[in-house]
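First up is the structure itself, then whatever we jot down about it.
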Amino acid sequence: MAVLSACWLITACGTKSSPSEIVKTALTAFIKMDFETVKKHLAENRISHFDERVKSLLEDSEQKAEFMLITKDATFEFISEAISDDGNSATVIVKAKFMKNGKPEEDIDEMNLIMVEGKWKIDSNPL
């Protein structure tokens, strides 16, 4: 399960925010089900896919309940951040720790970001 992929949506934007700060903001918003904040940090080409996944999540009560259990005590550790030489793209590696079926699990995900009008935007599929 790509918990981190779902969580990659949590980011902060702005020229002074690092790619890791963007991912952290998006992941935090995602686990709080603040999907509008997540969308603010997505590259435009990722928003429709995200909207479809959120709609599916919210319409399926079992899936929503599982999401809430998994994300309830989820934690994130940022392993690395690399910005391209031209400063137009970045990669953030994040490790998520969460409980699934009563057992601790980990997921490592690579989040790709691009610079759009001076702001970092997540350019990976969120879920």
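None of the figures in this text is laboratory data; all of them are computed from the coordinates on show. Since the structure is predicted, the reported quantities are computational estimates derived from the model, not experimental observations. Here Cβ is always computed from backbone atoms with ideal geometry, including for glycine, and neighbour counts include all displayed protein chains.
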For Ser80, the net charge from surrounding residues (Cβ-Cβ under 15 Å; K, R +1; D, E -1) works out to -3
Which entries of Lys64/Lys97; Lys55/Lys119; Lys32/Lys64; Lys40/Lys100; Lys40/Lys103 have Cα-Cα distances beyond 21 Å here?
Lys55/Lys119; Lys40/Lys100; Lys40/Lys103
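If each residue of separation counts as 0.36 nm, what is the full-extension length gain between Glu105 and Ser48 once their alpha-carbon separation is subtracted? Could the numbers behind the result be given before it?
Numbers: separation 57, 0.36 × 57 = 20.52 nm, distance 2.90 nm.
Gain on extension, Glu105 to Ser48, equals 17.6 nm.
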Beta carbons within 10 angstrom, averaged per residue: use that to sort the peptides 108-114, 21-27, highest first.
21-27, 108-114
Looking at segment 3-122 only, what percent of DSSP beta bridges run antiparallel? Nearest 5 please.
95 percent
If you line up the long axis of helix 44-59 against the longest principal axis of the chain, both from Cα atoms, how many degrees apart are they, to the nearest 10?
10 degrees
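Can you tell me how much longer the chain between Thr75 and Val116 gets when fully stretched, taken as 0.36 nm per residue apart minus their C-alpha distance, in nm with one decimal?
12.0 nm
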Roughly what angle does helix 19-31 make with the longest principal axis of the chain, taking Cα atoms, 0 to 90 degrees, to the nearest 10?
20 degrees
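Only loop residues by DSSP count here, and only those with at most 13 other Cβ atoms within 10 Å; note down the trypsin sites (Lys or Arg not before Pro) in segment 26-127 that meet that. Walk me through the numbers before you get to the answer.
Numbers: sites: Lys32, Lys39, Lys40, Arg46, Arg53, Lys55, Lys64, Lys72, Lys95, Lys97, Lys100, Lys119, Lys121; in loops: Lys32.
Answer by residue number: Lys32.
Using a cut-off of 14 Å between beta-carbons, work out the net charge of the residues near Lys55 (Lys and Arg +1, Asp and Glu -1, Lys55 not included). Let's see the in-between values first.
On the way: positive: Lys39, Arg53, Lys64; negative: Glu36, Asp51, Glu52, Glu59, Asp60.
Around Lys55, the surrounding residues sum to -2.
State the extension gain, in nm to one decimal, for the chain segment bounded by Ile83 and Asp34, taking 0.36 nm per residue of separation less the distance between their alpha-carbons.
Values: separation 49, 0.36 × 49 = 17.64 nm, distance 2.71 nm.
Working it through step by step, the gained length comes to 14.9 nm.
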How far, in degrees from 0 to 90, does helix 61-72 lean away from the longest principal axis of the Cα atoms of the chain, to the nearest 10?
60 degrees
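Does the chain come out rounded, prolate or oblate, given a ≥ b ≥ c as the square roots of the eigenvalues of its C-alpha gyration tensor, rounded meaning a/c under 1.5 and, failing that, prolate meaning a/b above b/c?
Values: a/c = 2.33, a/b = 1.48, b/c = 1.58.
Taking the square roots of the gyration eigenvalues as a ≥ b ≥ c, the chain is oblate.
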